[in-house]
Amino acid sequence: MRSLLTAAAISLAFTLFLTPVFLRLFRKWGWGQVIRTPEDIHNPSHGAKRGTPTMGGTIFIVGTIVGYLVGGYTGNNPPTISGLLVLWMMVGFGVVGFIDDFMKVRRQRSLGLTGWRKIVGQVLVAVPFAVTALNFPSPMGQTPASPYVSLFRDIPVLSFMALGAVAGWILYTLWITFIGVAFSNGVNVTDGLDGLAAGASIFVVGAYSLIAFWQFNQACWGGETLNDAVRDACYQTRDPFDLAIVSASFVGAMLGFLWWNAPKAKVFMGDVGSMAIGGVIAAMCILTRTELLSVLVAGVYVIAPGSVVLQRLYFKLTRGKRLFLMSPLHHHLEMRGWPEITIVVRMWIIAGMLAIAGIGLFYVEWLTRT
């Protein structure tokens, strides 16, 4: 417990008190937000945000790493392969986003990496994660990830390896890559208003910290000595406490960052931040073996890309009509006249309710097994 609390406190202090130092550096380096000219955008009020320091995601990425390492070693809980895999996804996707942001800033245009180049970069991060996560078994034979599709835990009938080793590995890797790319881009699409993605991520990753900690308390420590009832209820997660530590560190870092990112934002997280958040969520749902449950726990990051998909489908089916005034949904609400702060706070509320609902279902499933 000391490791978990220390990690959260250190990362919180890092981003809360050191963000102004980073902002001075960002202004010196010319890392200002690039906004399309008012003539080219649907909401001209966003033009006022031009020049606000961006790429702030680098701050909470570093803060998470510092908090995780300090908290782990302080409590005699050194990093495990599971915790390092979460950092890999966070940093790896963050690097892809950083390249995108840097291209925008350098060219002073709102276009960075093309969509396919961005996806290629995400795939290059997700594939090594997938391969590594199915190796490095614990003394009890648990690997960080599993070759099963999971809901509250692995679903025995949905095994990729049932199709054979080669086909199983291919489908498993595609599945893990899909989750990583989907959440990374989902958060990226949601990050359109000050504090929206940052505040929502606190609820989502905080929920995963609670899930991992519960799995630690209900882990299958006894192995073959457990009776059938206990074995049926316990969790096969590898390194659940370390997952709780790294996610708690991330939540602490996001809380400190939100102080500066809440409307009106003093700094934007940029694609480096939004993609890093998506990487953390993807890694946590895979390593806690709650992949399908993540659609509910992280449902707020499904709403925005979902509205984009619906807009395009409706546009094609009706030959030019629009379902929303503008997609994603939060921009539609802006066009309807909702104040930015109202949209952000209400989306935070939705994020919190979905995360709590996910935790509730997770707990109810455990009750049915005890």
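The values are calculated or read from the model by the stated rules, or taken from the named source; none is laboratory data. Note that the structure is predicted; figures quoted are calculated from it, not measured. With ideal geometry, Cβ positions are generated from the backbone for all residues, glycine too; neighbour counts draw on all protein chains shown. Just the protein is used for accessible areas: all its heavy atoms, side chains included, with ligands, DNA and RNA removed. Shrake-Rupley method; radii C 1.70, N 1.55, O 1.52, S 1.80 Å.
Is there a residue in the stretch 113-130 that is of a type in the set (S, T, N, Q) and either in contact with a His (Cβ under 8 Å, 6 or more places away or on another chain) or at pLDDT below 95 (or both)? Within the stretch 113-130, one or more residues are of a type in the set (S, T, N, Q) and either in contact with a His (Cβ under 8 Å, 6 or more places away or on another chain) or at pLDDT below 95 (or both).
Filtered by the rule that a residue be among the aromatic types (Phe, Trp, Tyr) and more than 14 Å from ASN188 (Cα to Cα), the stretch 89-121 gives PHE102, TRP116. Taking the criterion of being touching a Leu at 6+ places or on another chain (Cβ under 8 Å) and either open to solvent by 60 Å² or more (accessible area, probe 1.4 Å) or outside any helix (DSSP H, G or I) (or both), no residue of the stretch 57-74 qualifies.
Taking helices (runs of 4 or more DSSP H) as the structural unit, those lying wholly within the stretch 135-244 and holding at least 3 residues that are more than 21 Å from the chain's Cα centre (by Cα) correspond to 165-190, 228-233.
Scanning the stretch 261-291 for residues that are at pLDDT below 95 and assigned to a loop (DSSP other than H, G, I, E, B) gives ALA262, PRO263, LYS264, ALA265, LYS266, VAL267, PHE268, MET269.
List every residue pair whose Cβ atoms lie under 7 Å apart, where the two residues are 6 or more positions apart in sequence or sit on different chains, the first residue falls within the stretch 299-328 and is touching a residue at least 24 places away in the same chain (Cβ under 8 Å), and the second residue, located anywhere, is open to solvent by 30 Å² or more (accessible area, probe 1.4 Å) and among the hydroxyl-bearing types (Ser, Thr, Tyr). That search, which allows pairs on different chains as well, returns SER307/SER327; VAL308/SER327. ILE341 satisfies every condition listed in (1) at pLDDT below 90; (2) surrounded by fewer than 15 Cβ atoms within 10 Å (Cβ to Cβ) except (1).
A count restricted to the stretch 97-127 and to residues that are under 21 Å from LYS28 (Cα atoms), small (Gly, Ala, Ser) and part of a helix (DSSP H, G or I) stands at 1. Of all the listed residues (VAL91, VAL86, VAL96), the sole one being open to solvent by 50 Å² or more (accessible area, probe 1.4 Å) and at pLDDT 90 or above is VAL91.
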